[in-house]
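Peer 1: Let me give you the structure first, and then I'll get to my questions.
The values are calculated or read from the model by the stated rules, or taken from the named source; none is laboratory data. Values in this document were obtained by computation on a predicted structure and should not be read as measured data. For neighbour counting, all protein chains shown are included, and Cβ atoms are generated from backbone atoms with ideal geometry for every residue, glycine included.
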Amino acid sequence: MLITRHAEAVAVLADPRYVPPPVRQDGAQGTLAWLRARVSRFSTGETHAGRRRELVELLDQVDPGALRAEAETMTRRRGGDWRGVPTAVLGAALGVEDTRAVPAAAAGYLSGEESPRADAAVAELLERTGLPTITLLLQAHAATEGLVENALERARPGDDIDALLHETLRGNPPLKATRRLDQLTGDEVTIDLVAVNRDGDVFAEPERFDPARGRTPHLTFGHGVRPCPAPAHALALAAGVLEGLLT
């Protein structure tokens, strides 16, 4: 089932009967499949709650304002070559100085597409840090860089960067869809985040990109049972990069 209306998406995301589709549990230790079977994003119930709590505890030690300042500084220091900045800044804050393996590991993190390169990258990261930290780096990599890239497509001189990011999250989210499994029926549900974030019942002139509309109830960071654990940190990293590029 495909969901394109905001109210229906909110109902699904708030209902614990809808869980992420299962991932395989028999991956060899240290591989991408092994990692996906052990992270909060693809787990349910108390297991999910415990793994998510570990992420929140780690993030509680990281000041979003410091991330923003360092992301701006690093972007300027690199002469505007911003790719990899969000991951490098977050990694350093979490005690991981070398994050070069993150993109290869992140490539199949959401899709489940496995490869020897991804497996080698996961093994390399495991030599440097623990699974919760790796989880945060992988979840931040593609989504945060995607947010920056999408915001740059709409950026204009003098834009309020925070407002630009909030409207980008609504109008052009880096993650276009999210899936759930109905535990009662076995049916898979796909939530079209682009469509629900442009539902005319919730957003005035939904197809118009308008940073001036401010914060909106978009669902890009999730809702209900499984919201994103790090919206403030993701926004801080993206804002810092944009400040380094646009101001």
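Peer 1: Kindly provide the set of residues from region 56-69 that are surrounded by fewer than 20 Cβ atoms within 10 Å (Cβ to Cβ) and of a type outside the set (Val, Ile, Thr), ordered by number. Give the derivation first.
Peer 2: Start the filter on region 56-69 by keeping residues that are surrounded by fewer than 20 Cβ atoms within 10 Å (Cβ to Cβ), which leaves 56-66, 69.
Glu57, Leu58, Leu59, Asp60, Gln61, Asp63, Pro64, Gly65, Ala66, Ala69 - these are the residues of region 56-69 that are surrounded by fewer than 20 Cβ atoms within 10 Å (Cβ to Cβ) and of a type outside the set (Val, Ile, Thr).
Peer 1: Also: Looking only at region 85-98, how many residues end up being without any contact (Cβ under 8 Å) to a residue 40 or more places away in the chain and either more than 17 Å from the chain's Cα centre (by Cα) or on the phi > 0 side of the Ramachandran plot (or both)? Please lay out each step first, then the result.
Peer 2: Filtering region 85-98 for residues without any contact (Cβ under 8 Å) to a residue 40 or more places away in the chain gives 88, 92-93, 95, 97-98.
Checking which are either more than 17 Å from the chain's Cα centre (by Cα) or on the phi > 0 side of the Ramachandran plot (or both) leaves us with 92-93, 95, 97-98.
Residues that pass the stated criteria total 5.
Peer 1: While we're here: Within region 184-202, restricting attention to residues that are assigned to a loop (DSSP other than H, G, I, E, B) and in contact with a His (Cβ under 8 Å, 6 or more places away or on another chain), which residue is farthest from Leu147 (Cα to Cα)? Lay out the reasoning, then the answer.
Peer 2: Step one: of region 184-202, the residues assigned to a loop (DSSP other than H, G, I, E, B) are 184-187, 197-202.
Still in the running and in contact with a His (Cβ under 8 Å, 6 or more places away or on another chain): 197, 199, 201-202.
Values: Asn197: 15, Asp199: 20, Asp201: 25, Val202: 22 Å.
Among those that are assigned to a loop (DSSP other than H, G, I, E, B) and in contact with a His (Cβ under 8 Å, 6 or more places away or on another chain), it is Asp201.
Yes/no per residue for (1) polar (S, T, N, Q); (2) farther than 25 Å from Pro116 by Cα; (3) in contact with a Leu (Cβ under 8 Å, 6 or more places away or on another chain):
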residue	(1), (2), (3)
Val19	no, yes, yes
Pro22	no, no, yes
Gly27	no, no, yes
Ser40	yes, no, yes
Arg52	no, yes, no
Gly80	no, yes, yes
Thr87	yes, no, yes
Gly91	no, no, yes
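Peer 1: Scan region 153-172 residue by residue and report those that are in contact with a Phe, Trp or Tyr (Cβ under 9 Å, 6 or more places away or on another chain) and either modelled with pLDDT of 95 or more or under 22 Å from Thr99 (Cβ atoms) (or both). Let's see the steps before the verdict.
Peer 2: The initial filter retains those residues of region 153-172 that are in contact with a Phe, Trp or Tyr (Cβ under 9 Å, 6 or more places away or on another chain), namely 154, 167-172.
Scanning region 153-172 gives Glu167, Thr168, Leu169, Arg170, Gly171, Asn172.
Peer 1: Looking at Ala7, Ala105 in this structure, which one is under 19 Å from the mean Cα position of the chain (by Cα) and assigned to a helix (DSSP H, G or I)?
Peer 2: On the way: Ala7 fails: under 19 Å from the mean Cα position of the chain (by Cα).
Every option except Ala105 fails the conditions.
Peer 1: Limited to region 39-50, what total is found for residues that are over 13 Å from Val19 (Cβ atoms) and surrounded by fewer than 19 Cβ atoms within 10 Å (Cβ to Cβ)? Step through it out loud before you land on a result.
Peer 2: We begin by selecting, within region 39-50, every residue over 13 Å from Val19 (Cβ atoms); these are 39, 50.
Those left that are additionally surrounded by fewer than 19 Cβ atoms within 10 Å (Cβ to Cβ): 50.
Total meeting the criteria: 1.
Peer 1: Taking into account only those residues within region 145-185 that are among the β-branched types (Val, Ile, Thr) and touching a helix residue (DSSP H, G or I) at 6+ places or on another chain (Cβ under 6 Å), which is farthest from Leu13 (Cα to Cα)?
Peer 2: Filtering region 145-185 for residues among the β-branched types (Val, Ile, Thr) gives 148, 161, 168, 178, 185.
Within this subset, residues satisfying the condition of being touching a helix residue (DSSP H, G or I) at 6+ places or on another chain (Cβ under 6 Å) are 148, 161, 168.
Working: Val148: 26, Ile161: 29, Thr168: 21 Å.
Only one residue fits best here, namely Ile161.
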